[in-house]
Structure formats: C-alpha cells, structure tokens
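What follows is calculated from the coordinates using simple rules that are stated; it is not laboratory data. Since the structure is predicted, the reported quantities are computational estimates derived from the model, not experimental observations. All Cβ positions, glycine included, derive from the backbone under ideal geometry; neighbour counts span all protein chains shown.
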Amino acid sequence: MANLNKVFLMGNLTRDPQYSVTPSQVPVVEFGLAVNRKYRGQNGQMQEDTCFVDCTAFAGRADTLNKYMRKGSPIFIEGRLHYSSWNAQDGSKRSRLRVVIDNFQFLGGGGGGGQGGQSYGSQPQGGYGGGHPEAQSGQSGSQGYNQPSPMDSPDQPPAYGELDDDIPF
C-alpha cells in the first residue's frame, strides 16, 4: 500500500522564528503556527477553533523565513509530519509532532515583513537543500507554477448562447 505524508497549512506565526545552526552548519528555523477554523456550532452560532502547530525549516528556507517573518505574519506552508520521542530528565517519555517545511508562500499583510504572493521551496528539478526563491527569476505566486489563467484556456466550454441546438444522435 502506498503512503503519503503531506501537510498544507495556512495561518499566522505565534512567535518570532528561532534561528540556529546544526553542528554540520545547516541553518534551522523553528516557529509556531496558529491555524484558525470557523464553523457553525450546534447552537447555530459561528465558533472558532485554533490549532497550534510547531514548524521547522532547514537550509535556504530557514534563512529566508528568519529574514522576512515575524510574530503575526501570515504564511502558507507545504510540508510533512515528523514525529520524535525522547526521555525527559525526570524519566518521563516525551513526544512531539511537527511539520517540516518543504515549500512556503508569504501571504503579505499581518504583523510581519512578509512579501505578498512570493513562493519559496524546492525547484521542480529537485536536488537536496533547495529553497531558492522563485522570485529571483522574476516570478511570484501562482505565476511560478506556469498555470494558465481560466480566460486563456482553450478547453473552456462555449458560452451559453453559443451552444449548438442539434442533438448528436
């Protein structure tokens, strides 16, 4: 059976990114992300639930996040879940589930210095330690994915008035 470990989240940083470097000199940044969900409760009133998620980024992604993001900054992230467990000093068993960031996009606005619509992450060619911004090539946001706009698509159905009245059988 195939497995899939992919996470997409959009939220706001709960604290400034914490920057560090591993013993092998790889930059690491850690931060918390608050993801809100609005729903209608049993009483018919709108309610809001917040999920707090720990996030980690490495290499170039860590440098970029540390440079531009601050507490309150909105961000869209794509990553994978990573589970770790250890024994605490008091002998108790501890564990943590966090998101390791593969790609992200600044959403702009909010309380940070994020730049709206810029995507960062692995390039389609792949390679370890990617994280080079697509913005360097002059592309940003959905333009970086080379998706045609709906108006440009030749596969669009004809307008309602242009439909053929002939029955095909």
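Observations on the structure shown:
- Spin-label pair Val26/Asp49, simplified geometry with 7 Å Cα→Cβ offset, distance in nm: 3.4 nm
- Computed from label points 7 Å out along Cα-Cβ, the spacing between Leu4 and Arg40 is 2.9 nm.
- Net charge of neighbours whose Cβ lies under 11 Å from the Cβ of Arg80, counting Lys and Arg as +1 and Asp and Glu as -1: 0
- Cα→Cβ-extended label distance, 7 Å offset, between Gln18 and Lys93, nm: 2.4 nm
- Among 55-64, 16-25, sorting by the average number of other beta carbon atoms lying within 10 angstrom of each residue, highest first, gives 55-64, 16-25.
- Convex hull volume per residue in cubic angstrom - Cα atoms of region 7-106: 135 Å³
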